[in-house]
1. Using 7 Å Cα-to-Cβ label points, what is the Arg23/Gln54 separation (nm, one decimal)?
2. Take Ser80 and Arg14, extend 7 Å from each Cα along the Cα→Cβ direction, and tell me the distance between the two endpoints in nm.
3. If each of Arg42 and Arg97 carries a label point 7 Å out from its Cα toward its Cβ, how far apart are those two points in nm?
4. Which of the lysines could a cross-linker span from Lys48 if the Cα-Cα distance has to be under 22 Å and same-chain partners fewer than 8 positions apart are dropped?
5. Could you order Lys146, Lys122, Lys2 so the one with the most accessible surface comes first? Probe is 1.4 Å.
6. Extension gain Glu132-Gln171, at 0.36 nm per residue separation less the Cα-Cα distance, in nm?
7. Between [x] 22.4, 79; [y] 18.5, 56; [z] 16.7, 50, which matches Rg and Dmax of the Cα atoms in Å calculated for the structure shown?
8. Go through Asn55, Val11, Ala22 and say which Cα lies farthest out towards the positive end of the charge dipole of the chain; charges sit on Cβ, +1 for Lys and Arg, -1 for Asp and Glu.
Amino acid sequence: MKVRGDFPPAVLRRDMTLAALARETTNTGPGRSQGLTVVESRLSYGSKTSSLTQNGRLCVWMEEVLVDLTPASVEIIVPSEYPEGSCEYDAILLHEREHERVYQERVAAAVAEIRDALVTAKWLPARGNPLEAADQASAEAALNAKIRKVVDPAYANYKEQLGAAQAELDQPALYQWVSKRCSAWK
């Protein structure tokens with residue numbers, strides 16, 4: 001079982017104004033967004049298989065299961081109105097780096113959870129426990145369905161845990177504390 005969740009380095013963007021950021025976000029919290037961390041999540045999976053045809057029957061099993069949670073991209077946006085090195089810039093960047101850290105932690109936890117779920121799913125077709133199929137295409141579809149049966153619940157748990165952890169960072173009390181640290185908010 002190979003489960004990856006490498007986290008690419010974040011790209012810091014300074015090309016967006018506060019007005020443009022407001023149009024991009026669906027902020028449901030107090031006030032408007034002052035910064036944003038955008039992670040393009042991705043889930044892909046597949047398997048390396050072996051097969052044997054005996055007595056007109058195709059038997060297929062997984063030699064290896066590959067799951068990849070590596071995000072396609074990570075961007076941190078600090079609005080262009082705040083000069084680099086200003087109190088506001090530093091406060092926004094610090095807050096957005098916390099969002100990035102939470103993503104990294106949750107991806108790592110999801111990698112471990114998915115790996116454990118795959119290892120304990122002894123019913124997955126393996127050597128000695130093959131899947132019988134009519135043809136290669138139906139075998140691949142059946143194998144992918146079995147992988148989804150293991151991976152999808154763990155991935156749904158990851159998304160739920162990620163949302164809850166990110167919401168913790170966006171509590172009104174935290175925003176109030178940050179807003180009091182600096183005086184030139186726009």
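1. Distance between the two pseudo-spin positions: 6.4 nm.
2. Spacing of the two 7 Å Cα→Cβ label points: 1.1 nm.
3. For Arg42 paired with Arg97, the spin-label model returns 2.6 nm.
4. Candidates past the 8-residue exclusion: Lys2, Lys122, Lys146, Lys149.
5. Lys122, Lys2, Lys146
6. Value of the extension gain: 8.8 nm.
7. Read-out from the structure maps to [x].
8. Asn55
The values are calculated or read from the model by the stated rules, or taken from the named source; none is laboratory data. Remember, it's a predicted structure, so these values are computed and weren't measured experimentally. Neighbour counts run over all protein chains shown; Cβ positions are idealised from the backbone, glycine included. Heavy atoms of the whole protein, side chains included, go into the accessibility calculation; ligands, DNA and RNA do not. Shrake-Rupley method; radii C 1.70, N 1.55, O 1.52, S 1.80 Å.
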